[in-house]
Each structure stands twice: as structure tokens, then as C-alpha cells.
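Let me begin by presenting the structure, written as C-alpha cells, before commenting on it.
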Amino acid sequence: MERAEAAPTLEAFPEFEVRRERGLWSDAFRRLIRNRLAMAALILLTAIAILAVLGNYTDVVQRYRPSAQDFDVVNEGPSAAHFFGTDSLGRDNWSRVLEGLLISLQVGLGVQAIVLVIGLTVGGAAALGGRLLDNIMMRITDLAYAFPDLLAIILLRSVFFGRDLPGVGHDASQRLLVIFAIAFVAWVTVARLVRGQMLSLKERDFVLAARAMGASPFRIVFQHMLPNTLGPVIVAVVFGIPLAIFAEAVLAFIGIGLPPPTASLGTLVNEGYAFIEVNYWIVVFPAATIAVLMLCFTFLGDGLRDALDPMGR
Amino acid sequence: MTGYIIRRTLWIIPVMWAVATITFFLMHAVPGGPFDRERELPPAVMQNLNRKYNLDKPLHEQYGLFFWDLAHGDLGLSFRSANQPVTDLIRDGWKVTAQLGVVAFLYAVVFGMTLGAIAALNQNKMGDYLGVFFATAGAAMPSFIIAVFLIIIFSVKLGWFDVLGWEFGNYRKMVIPVVSLGTLPAAYIARITRASMLEVLRQDYIRTARAKGLAEYVVVLRHTMKNALVPILTVAGPIFAFLITGSFIVERIFAIPGVGRRFVDAVFVRDYGMIMGIVLFYAAIIAVANLVVDVLYAAVDPRIRYR
């Protein structure tokens, strides 16, 4: 800015010719790194993810089994022996929060992975597959907007409740079914977004140019159009992670999440409410963990949006 | 305009039909039936119950019968709550849910707009940073997390409010549920208010208003706020719908006997009649809220014309 005011001639920019051309992505990356709040969120999330993995697979960090009961220490506050205190059955809250943390991360990322695949496929098909397909897709998304999200997730989850997927075991299939129930409702936003982007890209000059030069439809879609839709899609997907974590917590909170003894953060909050007047530490830690997770993903999403869409603000 | 309203109203009918159809088949796909108990009922009793509620008929006949009754304004009986009509049960719950929802809506609008306006008028100053931080943080705070901290601080520690219950007009029972439910939409409204006020503050007519020496509060309230209202109005419909359909969490925490809690209970015991009734009821509220907002939108901004 200052330089531009000083002397608007080419010589005034010694680095102008030397500087290598920066693409959209490295530009966006630079903007993201400069966003302190988003970077703090990213670092914190990385630390949390490492902690969640270590806390579920190493004894040093986990310290106690999440389901092990010790009736000598019931309803205790935080101490050196039990960092987050113990619950009404003498279970260690630290190990239980770590278990729930891993579930929340799995659900958040798993749901958005599915949403990304369905959203790109359905949105792309609607935009490129002709009018009839587009109309059908749009009526389906209209319908999804008319149906209250959380109610649909609750209904779907209860349809899946108690059933297992073939070949992956009870625990894994219950986790997957929770993820499916949420993803099945959450894909609509991304699909609409992809469709809108694709429809406007289809009319742009560079796509016309590629077509005029004889590029195959496959190449046009994957080389020219898809990369240009990714920016907003990434932002939407990252914003979707806290929503998925929230949806799982709600399911667990009303008691149709993962079957016990597996406890996700929502289950812990639900159980903790019953003891809020006796020992509020039981509910404080899982609630704070959900809050931190959702905040970090939201701040990261904010940073990504500003980085990928500098005109947006 | 009238034609637009009529067409939009008629469009609600196919949407409701589709919602009902999906719900019907989803809830019949839930494992178990409404009369499964820990202790099994005698076969003869089961048979009679199933006959009374048409559950012995093939699924497509049940589907037809449901819509036949619905067309006559009858949502049927609750399968669990001692044969009470679903419409009565919803009406009982709706009174409480509507009180909670409307108060939370007012809180969200007043608090959110004030915060957004303060942030916009102090752009890039302390008030702005605080406002933006609250708006971003609050938008990621689900009701049952806020409620945890509010209950611990204000009920358990300070004893200002009650831990459970709802009573319209009794602040001890109203403040925490309303704040828990309304803070997320308040943060959302604050964000939109800030953005749209910043937009309006850049307009020429604001400069004109200042130039002719109007008092600052007149500039802010009459010229800025009024014009910044339009984008806020567009989200008012979805937010109202969110408050009504999302209140089941708060109703559960505070043991408030609203519609949402009845829905959760109904899913647990597979009370088909109640599930269907409440889903349709919610879908209707969403549709009507969106319609009202679209019509208001045209009334507020004469540049918008519906065809």
C-alpha cells in the first residue's frame, strides 16, 4: 500500500520481476497463517487430536480404563490422582473425556468426509446432468430444508439403533451408524453449494475456452471446474465439523448415541446433569471440551473463509 | 403479491405430504413396535391393541388410513398416553414451547441487534473486537453447554435461579432456559446486524443525514437501524424455526413439559401417532415462519417484487 502511493512506476518494484507467481492456494495459505485466531485454533486442535489418540491407545496418558470403577473414590473433584475427578461410579473422568473426545473427532471428520463425497457427486450431477436430474435433486434438497434437521437425525438414528453393519463388529458399526445418520441429513448444504458453483463456472470464459480447444468433458470438469469449486466447499465442510460434533452430542445427550459403556462427550454431559448439585466437576469437563472443540473448528473455518475468499468481507 | 402468497401457501401442501411420507416409513422402520414392553403382553392383548390402532393392516393400508384421517383434521390417538388425541397433547405442550420460543426469540433479537450495532458503530475499536469475538464464540455454543455453566454459576453457586422447571412470569424459572436457548441465535443476529450496519453506514444518505446536523441517535436509530433491518428479517424465520424445533434440548435439561420433550419421549417408545403429529406440526411451523418472513420482506423493502 505505502509503496504504491510513493511511486507507481515499475522500477519502484524491484521484486516485481523476480518474484515468482503465487497461485490461489499459496496466497490463501499465507493469509491463513497471518490470521492469529485461526492459527491458534489449528495448533490447539492438533494438540487435542494428538492427546485424543494417545489417551485412547497408551496407558501413560489414559491412566485408567474409562469403564473401570473404583468405589473408594466416588464423586470426587479434580486431584493429582484423577485430573478431572471421578463420577458417581468411581470412574476416572479424565479417561472418559479422552474417550469421548476421540469419538467427537471421529464423528466430526467422518461425517464431513461422507458429506464431501455425497455433496460433490449430487451437486455436480445436478449442475451437469441436465434439467430433469437438476429438478429432482433440487426438490430433494427443498424437502430436506423443510424437515427439521435434528428431528430427522433422531429418527434416522433410532431406525439404525441396535442394528449392526456386517463385518465390522459391534462398536465400530455403532460409531459408523451414528456418522451415517448425521451425514445423511448434513450433505444438503454442500450439494447446493457445489451445484451453484458448477452452474456459474459452466458459463465462464475459461471453460468455454477449454471446450473450444477440444478438451474432453472429463478434463473440463476435473481439471478446470472442480478445483475452482473447492474453496467455498472446504469452508463449508470445515464449518460442518462443529455442527456434526454438536449433532452427535445431542444424540448422546438424549440417550440414543453410542450404547453404554462407551460414553461420548454428550453422554457424559447428560450423566453429569444428574449430579450437578452434588459434584459439578463431572459435567464441567466434558461440556468445556465440547465447547473448545466447536470453538476451534469455528475459528478455523472463519480463518479459512477469509483466506479463500478475501473479497467476502 | 396476493397470487404469490396463495401459490406459496398451496406449495406447503405437497411439502407436508412428502414430510409425512418420509416420517411414516422411517418410523415404521424403527425396530420394535409401540406395544413392546419389558414384560411381554399376552398375545390376545397384543392382537387387540394392534387391531385398535390398525397396526394389523398392511403398511400401505395404514398409510392410506393415516392420510384419510389427516384430511379430516384428525391426527389420531397417542399410542402411549392413555388414548389421548395427539392434537390435545400437542396443544398442551405447545403452550409451554411457544412461551419459551417467543421469549428466547425476543432475547435473541434485542441482545443480538444491540451487540451488532455497538460493534458496527465502534468499527475496529475495542467494542467491535469484543462484539465480534462474542458473535463468533456464541455461534459455536449449543444450548446444553451454555446451560451447564449458567446453572453451576447462577443456580448452584449463587442461588439466583432455579435448576429445574418453567413458569411463565417467574424470572427464577425463565432466565437460564431462555439465555441457554437464545444465545446462539443472538450471536448469529449480532453478526448479521454488524455486517449490514457497516454496509448502511457507508451509504451517501447517512453522510447527508450527518451533514445536515441530525443528532447521532437519530442517524443511528432512524436512518441506519431501519435500513439495516432487512437482512436481519430474512434470517428471522429460520431462527424462529430453530428456536421452536431446537427447544427439546432445553426442555429436557430443565424438565419443561413442551412439545420437544414429548417428541423425544415418543421416539423412545415408538409412539407412531405422536411422532407423526409432532413432525408435521414442526414442518408446518417452519413453512409458515418462512412464508411470513418472505411476505414481510417485500413489505419492508419495496424494491423486492414477487411474481
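Given A:Ala81, A:Leu32, A:Pro242, which one lies farthest toward the positive end of the charge dipole of chain A, if we put +1 on the Cβ of every Lys and Arg and -1 on the Cβ of every Asp and Glu?
A:Leu32
One quarter of the convex hull surface, Cα atoms only: what value does that give for the protein assembly as shown in nm²?
Answer in nm², one decimal: 37.1.
Between segment A:225-285 and segment A:151-187, what's the alpha-carbon centroid distance in Å?
Result: 15 Å between the Cα centres.
So if I take the centroid of the Cα atoms in segment B:69-98 and the same for segment A:25-51, what is the distance between those two points in Å?
If you average the Cα positions of each part, the centres end up 50 Å apart.
Positive end of the dipole of the protein assembly as shown, charges at C-beta (+1 Lys, Arg; -1 Asp, Glu), about the Cα centre: which of B:Val259, B:Leu296, A:Ala263 has its Cα farthest in that direction?
Ranked along the dipole, the leading option is B:Leu296.
Note down the magnitude of the dipole of chain A about its Cα centre, charges +1 on Lys and Arg C-beta and -1 on Asp and Glu C-beta and zero elsewhere, to the nearest 20 debye.
That gives a dipole near 1040 debye.
Rounded if a/c is under 1.5, else prolate if a/b beats b/c, else oblate: with a ≥ b ≥ c from the C-alpha gyration tensor eigenvalues square-rooted, which is chain A? Before the final figure, lay out each step's value.
Numbers: a/c = 2.88, a/b = 1.55, b/c = 1.86.
Verdict is oblate for chain A.
From largest accessible area down, sort A:Ile154, A:Ile50; use a 1.4 Å probe on the protein chains. Can you show the working numbers first?
Working: A:Ile154 5, A:Ile50 100 Å².
I get A:Ile50, A:Ile154, largest accessible area first.
Specify the residue with the greatest mean-square fluctuation among B:Pro31, B:Pro257, B:Pro85, computed from a Gaussian network of chain B linking alpha-carbon atoms under 10 Å apart.
Its mean-square fluctuation being the largest, the pick is B:Pro31.
Helix hunt in chain B: which complete DSSP H runs extend at least 27 Å axially by C-alpha with mean Kyte-Doolittle at least 0.5?
B:2-29, B:86-121, B:171-201, B:226-245, B:272-300
Based on Cβ point charges of +1 for Lys and Arg and -1 for Asp and Glu, what charge dipole magnitude is obtained for chain B about its Cα centre, in debye rounded to the nearest 20?
980 debye
To the nearest 10 Å², what's B:Val200's accessible area with a 1.4 Å probe?
B:Val200 exposes around 10 Å² with every protein chain in place.
How would A:Glu99, B:Glu61, A:Glu248, A:Glu277 line up by accessible area, probe 1.4 Å, largest first? Intermediate values should be presented prior to the final figure.
Details: A:Glu99 30, B:Glu61 85, A:Glu248 0, A:Glu277 130 Å².
The residues order as A:Glu277, B:Glu61, A:Glu99, A:Glu248, largest area first.
Pop the C-beta distance of B:Tyr63 and B:Glu216 into the FRET formula with R0 = 60 Å and round what comes out to the nearest 0.05.
Working: r = 63 Å, r/R0 = 1.04.
With a Förster radius of 60 Å, E is 0.45.
Heavy atoms of the protein only, probe of 1.4 Å, neighbouring chains included. What is the accessible area of A:Arg204 in Å², nearest 10?
120 Å²
If the reach is capped at under 19 angstrom between alpha carbons, list the aspartates and glutamates near B:Lys125, excluding any in the same chain fewer than eight residues apart.
By straight Cα distance, B:Lys125 reaches B:Glu199, B:Glu216.
Count charges around B:Ala119 for me, please; just the other residues with Cβ under 11 Å from its Cβ, Lys/Arg as +1, Asp/Glu as -1.
Net of charged neighbours comes to +2.
If you place +1 on the Cβ of every Lys and Arg, -1 on the Cβ of every Asp and Glu, and leave all else neutral, what size is the dipole of the protein assembly as shown about its Cα centre, to the nearest 20 Debye?
With Lys and Arg at +1 and Asp and Glu at -1, about 1640 debye.
Under a straight-distance cross-link criterion of Cα-Cα below 21 Å, which lysines are reachable from B:Lys173, leaving out those fewer than 8 residues away in the same chain?
By straight Cα distance, B:Lys173 reaches B:Lys95, B:Lys157.
What angle, in degrees between 0 and 90 and rounded to the nearest 10, separates the Cα long axis of helix A:24-34 from the longest principal axis of the Cα atoms of chain A?
50 degrees
Loop-only chymotrypsin sites (Phe, Trp or Tyr not before Pro) in segment B:166-195, please: DSSP not H, G, I, E or B, and at most 12 other Cβ atoms within 10 Å.
Hits after loop and neighbour filter: B:Phe168.
Tell me the accessible surface of B:Met141 in square angstrom (1.4 angstrom probe, heavy atoms of protein chains only), to the nearest ten.
Approximately 40 Å² of B:Met141 is accessible to the 1.4 Å probe.
Counting only other chains, what is the mean number of Cβ atoms within 10 angstrom of the Cβ of each residue in peptide A:256-269?
That average works out to 1.
Can you sort A:Leu98, B:Leu106, B:Leu150 by solvent-accessible area, 1.4 Å probe, largest first?
Working: A:Leu98 5, B:Leu106 105, B:Leu150 30 Å².
So, going from the largest accessible area down, we get B:Leu106, B:Leu150, A:Leu98.
Please find the FRET efficiency linking A:Asp309 to B:Ala284, where r is the Cβ-Cβ separation and R0 is fixed at 35 Å, and quote it to the nearest 0.05.
On the way: r = 36 Å, r/R0 = 1.04.
The computed FRET efficiency comes out at 0.45.
Based only on Cα atoms, what Rg/Rh ratio does segment A:218-313 have, Rh being taken as Kirkwood's radius?
With Rh from the inverse mean 1/r over Cα pairs, Rg/Rh is 1.20.
At 37 °C and 0.692 mPa s, what whole-number value in µm²/s does Stokes-Einstein give for the translational diffusion of segment B:125-177, with Rh from the Kirkwood sum over Cα pairs?
Diffusion coefficient, whole number: 261 µm²/s.
I'd like to check one number: the per residue accessible area of the protein assembly as shown, probe 1.4 Å, reported in Å² as a whole number.
Solvent-accessible surface per residue comes out at 50 Å².
Determine how many Å³ per residue the convex hull of the Cα atoms of chain B encloses.
Cα-based convex hull of chain B, divided per residue, equals 167 Å³.
Which residue fluctuates the most in chain A, going by a Gaussian network model with Cα springs under 10 Å, if the choices are A:Gly90, A:Gly119, A:Gly169?
Per the Cα network of chain A with a 10 Å cutoff, A:Gly169 tops the list.
Based on the alpha carbon coordinates of segment B:90-150, what radius of gyration and maximum Cα-Cα distance (Dmax) apply, in Å?
15.1, 49
With the dipole of segment B:106-222 worked out from charges on the C-beta (+1 for Lys and Arg, -1 for Asp and Glu) around the Cα centre, which of B:Val200, B:Ile146, B:Leu184 lies farthest toward the positive end?
B:Val200
Taking chain B as a Gaussian network, Cα atoms linked when under 10 Å apart, which of B:Ala190, B:Ala104, B:Ala137 shows the biggest mean-square fluctuation?
B:Ala137
The values are calculated or read from the model by the stated rules, or taken from the named source; none is laboratory data. Here the structure is a predicted model, which is why all the values come from computation and not from measurement. Glycine gets a Cβ as well: all are built from the backbone with ideal geometry, and neighbour counts include every protein chain shown. Surface accessibility is based on the protein's heavy atoms, side chains included, excluding ligands, DNA and RNA. Shrake-Rupley method; radii C 1.70, N 1.55, O 1.52, S 1.80 Å.
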